Amino acid sequence: MVFDRRARLRIRPADNPFASHRIDALVFRSTGPKPEDLAERLDALGGRADVVGPEGSGKTTLLEELSRRLDGEVALVPLSGTSRRPWSTVTARLPHPVDGRHSVLVDCAGLLGAAGRLMLRRRCRNARRLVITSHQPGRLPTLVDCQTSPELLADLVCELTPEHADRLDPILEELFRRHHGNLRLCFRELYDAFAGINGKFSILNSQLSVAPPTRR
Amino acid sequence: MTNMLTIRTDGGRTWFRPGEIVEGDVSWLLDTDADDLEIRLFWYTSGKGTRDVEIVDSSRTSVPGQNGNRSFRLQASDGPYSFSGKLITLSWALELVVDPGGVSERLDLVIGPQPIEVQLGRPDGF
């Protein structure tokens, strides 16, 4: 951290407790299956399952956690950010051919559309496992229903910045409600608060304050 | 036994000017034989949003054995400089990586006209 001319604490982006690499390092947690039980649960479902939940509820984090726990060859296909040509991303990432050695995990499968998802199931019909993420339950059995809560947000904030957790606690419930439970958006606003980017909250010199309206 | 990797730059330097040669030596003491060792000079971003990384120069040693040392000579690019703004920190580093296994060691550097990273943007300030 460095101090600016006005002697206010200025945090480097790399040191911001809500920097993306720190968020990415969070371990998935849920009220459902424990991470160590996911692989067994998936196989009990016949190797075909859906991870369901709203935006920012941890589906991607769970999929990445699952990919580390599966044996055999794992193909992780991230489709977020590929809304224009998601099927091209799928074909580029899938093994050729997909066979019984492979576990295929597709994030944001909803971007494929109904026809694309059908093509995916056909393409992966011989795969040992197929897991997709989506916002709503579909044809596949649900492996985990990711739900967020203010308590979960508080728990994660405490892990990311234990020294500031008490100061942040009063605002978390309102933050959670304002972002409709989307933890990703909550973390972005908290990033801005620590970075001193104009927003509703700020952390200056370890003090939480509500910023005055910006003059125009 | 625990793997031990060491990176040292000539004179213990951690600041280099853009385009300058980064020289030093590495040493290793491994639990098992490795196929390859690679020393990389790279920059990476951290902060808000997607992370970027680029390996600017690297040098590989095949069949390095369980222990040894060797010198390296890598060249920094003319940019980007090490900097921190509000959204992004761009950092430079040397990294020694063992293949297979991924055991690694990193040494942070500053690449730029000054010995400290460039500070971008105005301070948080209402």
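Here are the numbers:
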item	result
B:Arg8 - accessible surface, heavy atoms, 1.4 Å probe, Å² rounded to 10	140 Å²
Ranking by accessible area, most exposed first, for B:Glu23, A:Glu173 with a 1.4 Å probe	A:Glu173, B:Glu23
Accessible surface of B:Ser27 - all protein chains present, 1.4 Å probe, nearest 10 Å²	40 Å²
In order through region B:65-76: 3J(HN,Hα) via Karplus (6.51 cos²θ - 1.76 cosθ + 1.60), integer Hz, x for Gly, Pro	x, 6, 8, x, 8, 7, 8, 9, 8, 10, 10, 6
Cα shape, region A:30-80, gyration tensor, a/c 1.5 rule	oblate
Restricting region A:109-197 to trypsin sites (Lys or Arg not before Pro) in coil, as DSSP defines it, with at most 12 other Cβ within 10 Å	A:Arg125, A:Arg139
Cα-based shape type of the protein assembly as shown, given that a ≥ b ≥ c are square roots of the gyration tensor eigenvalues and the cut on a/c is 1.5	oblate
Nonlocal amide H pairs with A:Thr142, under 5 Å, H built at 1.01 Å	A:Asp50
Nonlocal Lys pairs with alpha-carbon distance under 20 Å, the protein assembly as shown (8 or more apart, or different chains)	5
Cα centroid separation - region B:1-51 against region B:55-77, whole Å	9 Å
For B:Gly68, distant residues with modelled amide H under 5 Å away	B:Trp28
Heavy-atom SASA rank of A:His179, A:His135, A:His21, A:His102 (probe 1.4 Å, accessible area, largest first)	A:His135, A:His21, A:His179, A:His102
Two-site label geometry, A:Arg184 and A:Glu64: point separation in nm, points 7 Å out along Cα→Cβ	1.2 nm
Over chain B, relative contact order from alpha-carbon pairs under 8 Å, at least 6 apart, %	31 percent
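The values are calculated or read from the model by the stated rules, or taken from the named source; none is laboratory data. Computed from a predicted structure; not experimentally measured. Counting neighbours? That spans all protein chains shown, and the Cβs are built from the backbone with ideal geometry, glycine included. Each accessible area value is taken on the protein alone, full model and side chains, heavy atoms only, with ligands, DNA and RNA left out. Shrake-Rupley method; radii C 1.70, N 1.55, O 1.52, S 1.80 Å.
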